[in-house]
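To keep things clear, I will list the structure first and then write my remarks on it.
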């Protein structure tokens with residue numbers, strides 16, 4: 001059984017959620033509340049593949065859950081990959097090709113805490129594969145894994161002048177992944193709250209052997225001081241992979257000349 005669900009968090013929405021059991025399921029609302037800690041999703045699309053729920057949350061890094069036919073609740077399945085220590089752990093975005101491969105991109109951490117690069121891999125038959133199909137590791141069944149973000153295929157190299165954060169991941173008609181992500185350009189050496197006045201949108205596409213990455217638009221300025229990487233988002237139009245739409249921040253995104 002393979003489905004895509006839109007998930008919501010019960011805890012912030014239902015006053016009595018604190019009285020519900022951990023991993024409570026109510027229709028299409030699922031409370032994933034590990035150790036009573038707060039959590040939120042980087043990707044509202046959860047992928048269910050052969051009884052496994054693949055979902056990313058900040059406190060859980062990137063993990064998945066197992067569904068048991070005899071039990072109406074979800075059970076922890078394992079950790080997909082680690083990021084750097086400190087901060088909020090890696091951010092993850094998923095795309096399902098509809099048969100048996102789950103693609104994902106991830107960063108090392110929250111861009112406030114780390115000069116993120118961007119990495120890609122896919123999950124198939126219980127293993128993690130690099131973009132070129134090289135098998136990297138067995139999917140972990142515990143909270144520990146030997147796989148780190150930087151062990152995956154690098155899409156984009158980050159540094160203090162180029163801090164990446166993904167916006168959208170989709171697959172083209174050949175089931176090859178492509179990603180749109182923001183890049184903060186002006187944070188080098190600045191204290192928190194002083195950068196974020198120059199963001200760009202980049203577009204990366206897997207051509208079957210390499211990731212091809214191009215800057216495609218100015219992305220405006222930060223939403224507010226303090227979270228200097230927060231800007232408007234961009235989304236691809238699945239039927240036309242070379243097209244995209246964006247939601248502007250304080251200055252309208254424009255195409256790079």
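The values are calculated or read from the model by the stated rules, or taken from the named source; none is laboratory data. On a predicted model such as this, the values are computed, not experimentally measured, just so you know. All Cβ positions, glycine included, derive from the backbone under ideal geometry; neighbour counts span all protein chains shown.
Quick notes on this one:
- The set of residues in segment 99-111 that are within 22 Å of residue 231 (Cα to Cα) and assigned to a strand (DSSP E or B) comprises 104, 105, 106.
- Checking the stated criteria, residue 236 turns out not to satisfy the condition of being closer than 15 Å to residue 117 by Cβ and assigned to a strand (DSSP E or B).
- Evaluated against (1) outside any loop (DSSP other than H, G, I, E, B); (2) closer than 20 Å to residue 95 by Cβ; (3) at pLDDT below 95, residue 218 falls short on exactly one condition, (2).
- Listed conditions (1) out of contact with any strand residue (DSSP E or B) (no Cβ under 6 Å at 6 or more places or on another chain); (2) crowded, with 17+ Cβ neighbours inside 10 Å; (3) modelled with pLDDT of 90 or more are all met by residue 91, apart from (3).
- Residue match in segment 198-215 (condition: in contact (Cβ under 8 Å) with a residue 40 or more places away in the chain, assigned to a loop (DSSP other than H, G, I, E, B), under 17 Å from the mean Cα position of the chain (by Cα) and within 22 Å of residue 92 (Cβ to Cβ)): no
- Counting only strands (runs of 3 or more DSSP E) that sit wholly inside segment 112-188, those with at least 1 residues that are within 16 Å of residue 211 (Cα to Cα) and touching a helix residue (DSSP H, G or I) at 6+ places or on another chain (Cβ under 7 Å) are 118-124.
- For segment 90-98, the count of residues that are under 30 Å from residue 222 (Cα atoms) and part of a loop (DSSP other than H, G, I, E, B) is nonzero.
- Every listed requirement among (1) at pLDDT below 90; (2) under 20 Å from the mean Cα position of the chain (by Cα); (3) farther than 24 Å from residue 153 by Cβ is met by residue 255 save one, (2).
- Residue 126 being modelled with pLDDT under 95 and farther than 20 Å from residue 93 by Cα: no
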